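A.B. asks: Pasting a structure here, questions to come.
The values are calculated or read from the model by the stated rules, or taken from the named source; none is laboratory data. Predicted model only: the values in this text are computed from it and were never measured. We place every Cβ from the backbone using ideal geometry, glycine too, and count neighbours over all the protein chains shown. Note: areas computed on protein heavy atoms with side chains; ligands, DNA, RNA excluded. Shrake-Rupley method; radii C 1.70, N 1.55, O 1.52, S 1.80 Å.
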Amino acid sequence: MIAVIDYDAGNLKSVEKALISLGEEVVVSRERDVILKADKVILPGVGAFGDAMEKLNRFGMVDTIHEVVAKKTPFLGICLGLQLIFESSEEAPGVKGLSLLPGKILRIPSADGLKIPHMGWNSLKIKDGATLFQGIADGSYVYFVHSYYLKADDESVVAASTEYGTHIHASIESENVFACQFHPEKSSDAGLKILKNFAGIGRED
């Protein structure tokens with residue numbers, strides 16, 4: 001069973017629908033016991049960093065997420081969910097993120113002809129051997145909607161990157177923690193393959 005964390009942060013239904021289309025058993029919940037029993041856990045998200053952290057704290061999800069990660073359950077952050085995994089964001093000065101990994105979320109720099117938020121399809125430079133990207137060709141296009149981007153302290157965790165006015169860490173993998181800045185649930189066949197790869201972690205072929 002895959003648990004999708006419900007903290008009133010948008011795109012829950014599209015993630016749930018994509019997983020169901022892959023034949024996965026899915027539960028959308030903010031109940032600690034339900035989340036801790038799941039085989040995999042997903043933190044989706046659309047919205048603002050500060051507001052999202054306030055909700056995660058209010059619903060008691062911060063400690064629950066740390067428990068999930070500590071017990072080595074595969075954990076996937078999507079869009080804002082990727083940003084929340086790190087320490088802080090320029091969008092919300094003074095607000096502490098989940099701090100599961102070291103790194104900061106920065107605003108995409110303004111440039112002539114560059115629209116912010118970044119909305120649309122961009123190609124990925126994929127790291128060889130990345131778990132989420134098995135069977136996905138380097139240069140594949142995925143769908144982004146964001147104004148802020150990840151700069152991870154440790155570049156060895158970066159599984160895929162893209163360029164949009166700056167070098168963007170678009171996906172990370174560190175032990176059982178995975179995340180995508182883009183929306184796999186809105187990224188056509190490549191995105192569904194990413195979700196299928198995540199769902200299949202630890203399963204026998």
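A.B. asks: Pull out a ≥ b ≥ c, the square roots of the eigenvalues of the alpha-carbon gyration tensor of segment 152-205, then state rounded if a/c is under 1.5, prolate if not and a/b is larger than b/c, and oblate in the remaining case.
C.D. replies: Oblate shape, in that a/c is at least 1.5 and b/c is the bigger or equal ratio.
A.B. asks: I would also like to ask the following. Loop-only check: which trypsin sites (Lys or Arg not before Pro) in segment 16-94 are DSSP coil with at most 10 other Cβ within 10 angstrom?
C.D. replies: Lys71
A.B. asks: Now, a different point. Classify segment 73-120 as rounded, prolate or oblate from the Cα gyration tensor: take a ≥ b ≥ c as the square roots of its eigenvalues, call it rounded if a/c is under 1.5, otherwise prolate when a/b beats b/c and oblate if not.
C.D. replies: oblate
A.B. asks: Please report, in Å, the Rg and the Dmax of the chain, where both are computed over Cα atoms only.
C.D. replies: For the chain, the Cα radius of gyration and maximum Cα-Cα distance read 15.6, 50 Å.
A.B. asks: Sticking with this one: With every protein chain in place, what's the accessible area of Ser147 (1.4 Å probe, Å², nearest 10)?
C.D. replies: Roughly 30 Å² of Ser147 is accessible to a 1.4 Å probe.
A.B. asks: Could you list the GluC sites (Glu not before Pro) in segment 102-189 that lie in coil according to DSSP, counting only those with at most 12 other Cβ atoms within 10 Å of their Cβ?
C.D. replies: Glu175
A.B. asks: Considering only protein heavy atoms, what is the solvent-accessible area of Val69 at a probe of 1.4 Å, reported in Å² to the nearest 10?
C.D. replies: 20
A.B. asks: List the chymotrypsin sites (Phe, Trp or Tyr not before Pro) in segment 1-62 that DSSP assigns to loop (not H, G, I, E or B) and whose Cβ has at most 16 other Cβ atoms within 10 Å. Which are they?
C.D. replies: Counting only loop positions with at most 16 other Cβ atoms within 10 Å, the chymotrypsin sites (Phe, Trp or Tyr not before Pro) in segment 1-62 are Phe59.
A.B. asks: Could I ask something else about it? Based on the alpha carbons, how large is the Rg to Rh ratio for segment 81-180 when Rh follows Kirkwood?
C.D. replies: Taking Rh as the inverse mean 1/r over Cα pairs, Rg/Rh reads 0.96.
A.B. asks: Distance check, please: which entries in Lys55/Lys115; Lys151/Lys196; Lys72/Lys115 exceed 31 angstrom between their Cα atoms?
C.D. replies: Lys72/Lys115
A.B. asks: Once every DSSP H run of n ≥ 4 in the chain is given -39500 (n - 2.57) and the sum is divided by its residues, what mean residue ellipticity at 222 nm do you get, rounded to the nearest 500 deg cm²/dmol?
C.D. replies: -7000 deg cm²/dmol
A.B. asks: Which residue fluctuates most in the GNM of the chain (Cα springs below 10 Å): Gly50, Gly165, Gly23?
C.D. replies: Judging by the Gaussian network model, the answer is Gly23.
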